[in-house]
Amino acid sequence: MKKEKPIIELNDVKKIYRMGEVDVPALNGVSLKIKQGEFIAIMGPSGSGKSTLMNMVGCLDVPTEGKIFLDGKDISKMSESGLAQIRGKKIGFVFQKFNLLSTLTALENVTMPMMFQNVDENVRRKKGVELLNLVGLEKRSSHKPSELSGGQQQRVAIARSLANDPEVILADEPTGNLDTKTGRDIMVMLKKLHNDGKTIIMVTHDPDVGKHAKRIVLIKDGMVVSNHKE
Amino acid sequence: MISDYFSYAFKNLKHRKVRTWLTMIGIVIGIAAVVSIISLGQGLENMIIGQFEDMGADKITIMPGSSIFSAGMATIPLNQKDYDVIKRTRGIVNVAGMIYSSIRVEYKEESEYTFVIGMPLDPGSKRIFDSMQNFKLDYGRDLKDGDGNVIVVGSSVAKDDKIFERGVVLGSKITINGVDFKVIGVLETLGNEQDDRSVYINIERARDIFDNKDEFDVLFAQAKQGFDVSEVAEDLEKALRKSRDLKEGEEDFNVQTTEQLQESFGTIFSIVQWFLIGVASISIVVGGIGIMNTMYTSVLERTYDIGIMKAIGARNNDILTLFVIEAGTLGAVGGIIGVIVGGGFAKIIEIAAKNVLSVDLLKAHLSVELLVGAVLFSFIVGMASGALPAKQAASMKPVDALRYE
Ligand SMILES: Nc1ncnc2c1ncn2[C@@H]1O[C@H](COP(=O)(O)OP(=O)(O)O)[C@@H](O)[C@H]1O
Ligand SMILES: [Mg+2]
């Protein structure tokens, strides 16, 4: 197998939250390489630092120490507007709580990331409809989130994460708020994206969900304790 | 992409309807007040300027009191001696004086207060009056030199239910202080309620009734053609000062050319108007603070949404623009409603002035500049009020915003 250049590389990343007088270490030196097209599950007990790690990779936060490279670019010291650009273009987020904007319709939620990239209105619409088609919600495009089931909302969120054709999809407990059957549908969808060539990093503490991934990274107390392929 | 921000703003404002309406009240009231004050003020000014223009530029008005603002206060009256001084001044072709008094007037069984005006009827004086007051006879005949107990009435006096239950008719009898007058003429409507409600008699008759031997309430002088009216007015003022033995600056009378009168009224007008606008502005400021308060609440409530938008690629500037435009929209919608309410109110006043007070010449001046300017201004007030809350929203860190419950 050819050694590819990693799309994401973490180098001894530390994150310490300051809570008043006390320091709360969330990550204690994590090093990790993720190649293009991989499907990784990050697992570990609650409070072990999984979400913190995801937020660093997703450019929602910067590390206290260490370096993070995305596509070979060091993002650990970037300005907020630079990070916002990367989030908008290269990363798609899927959250546990779906995180749709409640005043907007499904279609408007899906097209919003394109609005922040100044994509033309007509192009946005067309792409939005396509993506809702992809997740099987073309008939629900004018529904508000409150008029959709949890599974449908998460499918809208997946459609939204694909709006700007990102290279990486980050999913933090994507099935955490769903029943088993609906959760399985979502996993089928993520697997399909993986087969289409997207790099997928998923956080979960559910082994049944984790086994869909091609590699599992186990985290405990802010450190990687195991890192193996299925 | 600015239209996207507006459409997002509208959605959020619609989502919180009650709060949106309540927030806009201050701006609506303030803008409505400003629009009606400015449009009516402009209309009133146009009306008065129009009346001055009818007077003609060659007229000089001499009134008792140190300025036209002291009208109605106790003053030393002008008398026949002043009249003669004015008449002798270089550049004056003619002088006319009149007296007036608000007095009880009886017609049939009724008796009402109205202005009785004593007019000089010699042809020279009469000409000055006719040109200045724009008097036109509607029917009957006008007063003429040598007339005795005859009277000409303003149009309202001849109408039913205006002053008297049944309007005065030609040939009937009006009694003033026990003296009977025969109605010989009715004037055309002048559009100025006070003039239309007045009755006009020979000044000699009025002197007997008012018990006034040789005083005048106002004198009008006409400058000769080819003379500079303001120079003539200065000479006239000097001559009066000398005859009344007063130093400069201590005048107990005032001399105004038509142009100066116009300016004086213009000055009072803008002072009153700016004062009223100042009062109305307080409401706009309060409205702005209301918007600021609502936007702070909104930012706090939507912290999580801000986190989501940042996660999907919104830069700080996008969030800032979003909230500033939402606040601006709040102001502009309030402004549009305010313009409609204020414009409507001004029109109602215009119609009421016409129907209730018979003032035909007052036209609310609702210019496009005023209406567009008012909406634009409220948009800017809204944006300015939203600036600080929007800055707070923009500077939130994405992780913190997403952790907010
Ligand atoms: N913004 C924050 N401020 C303070 N402490 C935090 C913050 N985010 C996470 N933590 C702490 O860091 C640790 C790791 O949290 P997290 O990454 O959310 O864990 P996981 O997602 O694995 O449950 C926890 O102890 C948590 O309380
Ligand atoms: Mg977590």
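The values are calculated or read from the model by the stated rules, or taken from the named source; none is laboratory data. Just so it is clear, the model here is predicted, and its values are computed rather than measured. Glycine gets a Cβ as well: all are built from the backbone with ideal geometry, and neighbour counts include every protein chain shown. These area figures cover heavy atoms from the full protein model, side chains too; ligands, DNA and RNA do not enter into them. Shrake-Rupley method; radii C 1.70, N 1.55, O 1.52, S 1.80 Å.
Before moving on, here are some points about what is shown:
- Condition broken by B:ILE308, with the remaining ones in (1) under 30 Å from A:ARG160 (Cα atoms); (2) more than 14 Å from chain A (Cβ to nearest Cβ) satisfied: (2)
- Those residues of region A:48-77 which are within 23 Å of A:HIS228 (Cβ to Cβ), of a type in the set (Gly, Ala, Ser) and open to solvent by 20 Å² or more (accessible area, probe 1.4 Å), in sequence order: A:SER51, A:GLY66
- In region A:156-230, counting only strands (runs of 3 or more DSSP E) that sit wholly within it, the ones holding 3 or more residues that are more than 15 Å from ligand 2 (Cβ to nearest atom), touching a Lys or Arg at 6+ places or on another chain (Cβ under 9 Å) and away from chain B (no Cβ under 14 Å) span A:223-229.
- Identity of the residue in region B:290-305, within 14 Å of another protein chain (Cβ to nearest Cβ) and assigned to a helix (DSSP H, G or I), that ends up farthest from A:MET56 (Cα to Cα): B:SER298
- Residues that are more than 42 Å from the chain's Cα centre (by Cα) and more than 12 Å from A:PRO113 (Cβ to Cβ) within region B:311-321 comprise B:ARG315, B:ASN316, B:ASN317, B:ILE319, B:LEU320, listed in sequence order.
- Lone qualifier among B:VAL218, B:VAL183, B:VAL272 - being not assigned by TED's automatic domain parsing to the domain that holds B:VAL95 and not aromatic (Phe, Trp, Tyr): B:VAL272
- Residue ID - farthest from ligand 1 (Cβ to nearest atom), chosen from residues in region A:26-42 that are outside any loop (DSSP other than H, G, I, E, B) and farther than 18 Å from A:LYS220 by Cβ: A:LYS35
- Exactly one residue out of B:VAL95, B:VAL35 is among the aliphatic types (A, V, I, L, M), open to solvent by less than 20 Å² (accessible area, probe 1.4 Å) and within 24 Å of the chain's Cα centre (by Cα): that is B:VAL35.
- Matching residues, region A:156-189, being touching a Phe, Trp or Tyr at 6+ places or on another chain (Cβ under 9 Å) and buried (at least 24 other Cβ atoms within 10 Å of the Cβ): A:VAL156, A:ALA157, A:ARG160, A:SER161, A:LEU170, A:ALA171, A:PRO174
- Subset tally (residues that are part of a strand (DSSP E or B), open to solvent by less than 10 Å² (accessible area, probe 1.4 Å) and within 15 Å of ligand 2 (Cβ to nearest atom)) for region A:80-101: 1
- Pairs meeting the criteria (first residue in region B:340-366 and at pLDDT below 80, second residue of a type in the set (A, V, I, L, M, F, W, C), beta carbons under 7 Å, at least 6 apart or on different chains) are B:VAL359/B:ALA353; B:LEU361/B:MET47.
- B:LYS173, sole failed condition from (1) open to solvent by 70 Å² or more (accessible area, probe 1.4 Å); (2) more than 30 Å from B:SER230 (Cβ to Cβ); (3) modelled with pLDDT under 90: (3)
- Selection of first residues in region A:43-54 that are assigned to a loop (DSSP other than H, G, I, E, B) and of second residues that are near ligand 2 (Cβ under 8 Å from one of its atoms), restricted to Cβ pairs under 6 Å at least 6 apart or on distinct chains, gives the following pairs, ordered by first then second residue: A:GLY44/A:LYS50.
- The set of residues in region A:68-90 being more than 15 Å from the chain's Cα centre (by Cα) and among the basic types (Lys, Arg) consists of A:LYS73, A:LYS77.
- Residue, farthest from ligand 2 (Cβ to nearest atom), within region A:35-73, restricted to residues that are out of contact with any Ser or Thr (no Cβ under 9 Å at 6 or more places or on another chain) and under 17 Å from A:LYS198 (Cα atoms): A:ASP71
- Taken across region A:71-87, residues that are of a type in the set (A, V, I, L, M) and more than 14 Å from chain B (Cβ to nearest Cβ) do not occur at all.
- The condition (being under 17 Å from B:ILE209 (Cα atoms) and touching an Asp or Glu at 6+ places or on another chain (Cβ under 9 Å)) is satisfied by just one residue among B:VAL105, B:VAL93: B:VAL105.
- Candidates B:LYS347, B:LYS310, B:LYS354, filtered to the one that is open to solvent by less than 20 Å² (accessible area, probe 1.4 Å) and of a type in the set (D, E, K, R): B:LYS310
- Screening the candidates A:GLY58, A:GLY47 for the property of being near ligand 1 (Cβ under 10 Å from one of its atoms) and either over 16 Å from the mean Cα position of the chain (by Cα) or within 13 Å of another protein chain (Cβ to nearest Cβ) (or both) yields one hit, A:GLY47.
- Flag for B:ILE308 being assigned to a helix (DSSP H, G or I), under 28 Å from B:SER378 (Cα atoms) and hydrophobic (A, V, I, L, M, F, W, C): no
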